[in-house]
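Comments concern the structure below.
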Amino acid sequence: MRQRARDLGIRIGTADTGPANAITDVAGVRVGHTTIIRGDGPLRVGAGPVRTGVTVILPHDGVMEDEPLYAGFHWLNGNGEITGTAWIHDGGMLTTLIGLTNTHSVGVVRDTLIDLERRGRGHGSWGLPVVGETWDGVLNDIDGAHVTAAHVREAYEAAARSGPGEAVAEGGVGGGTGMICYGFKGGIGTSSRVVEGGWTVGVLLQANHGRRERLTVDGVPVRIDDVPRPVPPAAEGAG
């Protein structure tokens, strides 16, 4: 069962949330996931266990190439690939869909988003999709190339089918399926705030970071010692 800080009476910040408390509270934004969970036991590259997926974000209801959005980006530690940022850096605009997945699947997500964006638009159009990654190689057979073009299309179609302001699935779903955060199970999170002037600010996070000792909630350190830390499955044949 999903539980948020607000469910426990913890209010972070002073602004009110949007109706869904999700990035989809921003008009036109839609999100779709494909979650791949398969297999247990020892790690066998190419066979599993598989705990991964892909998330696709549609930034608005129109065609991104025709109606780009102002955009920027920032990196905290330099170890987090986001392909497609060169054009954002030079042009200051987002002209594509957005994908999130694991570190070794950025390429297949990028290639498939190009195909989806160019469909029906002819050879005169071009695309440099924005695809971000985090590492799920502790819980997932990341070298097994389990994310395919079909999974990307499935996430895209799920996003396209969703309605305005629809709730976003969170936790171990989509690109966040195999992620770890502060020594606990990580994954996808989202939230929104309505700020001065009636504008809505939304965020979607693929969380895969942090040592347990550094966990804070609203600035207060939190200590939880009785929950085991995620550990990778031993490779088959390892002694």
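The values are calculated or read from the model by the stated rules, or taken from the named source; none is laboratory data. Note that the structure is predicted; figures quoted are calculated from it, not measured. For neighbour counting, all protein chains shown are included, and Cβ atoms are generated from backbone atoms with ideal geometry for every residue, glycine included. Just so you know, the surface numbers come from the protein's heavy atoms only, side chains and all, with ligands and any DNA or RNA stripped out. Shrake-Rupley method; radii C 1.70, N 1.55, O 1.52, S 1.80 Å.
Say we join alpha carbon atoms closer than 10 Å with springs in a Gaussian network model of the chain; which of G72, G174, G99 then has the biggest fluctuation?
Sorting by GNM fluctuation, first place goes to G72.
Choose one answer from H74, H151, H104: the residue with the largest mean-square fluctuation in a GNM of the chain with alpha-carbon springs under 10 Å.
Between H74, H151, H104, it is H74 that shows the largest mean-square fluctuation.
Under 13 Å from a point 7 Å along the Cα-to-Cβ line of A149: which residues of segment 82-121 have their amide N that close?
108-119
Select from segment 190-239 those trypsin sites (Lys or Arg not before Pro) which occupy a DSSP coil region and have at most 12 other Cβ atoms within 10 Å, ordered by residue number.
R211, R223
Mind listing P(r) for segment 1-83? All alpha-carbon pairs, 10 Å bins, whole percents.
12, 23, 35, 24, 6
Given springs between every Cα pair under 10 Å in a Gaussian network model of the chain, which of D136, D40, D90 has the largest fluctuation?
Maximum fluctuation in the GNM of the chain, among the listed residues, is at D90.
So, taking all protein chains as they sit and a 1.4 Å probe, how much accessible area belongs to L128, in Å² rounded to tens?
Surface open to solvent at L128 totals about 80 Å².
Roughly what would the spin-label model give for A86 and V63, points 7 Å off Cα along C-beta, in nm?
2.5 nm
In what order, largest first, do F73, F184 sit by accessible area if the probe radius is 1.4 Å?
The residues order as F73, F184, largest area first.
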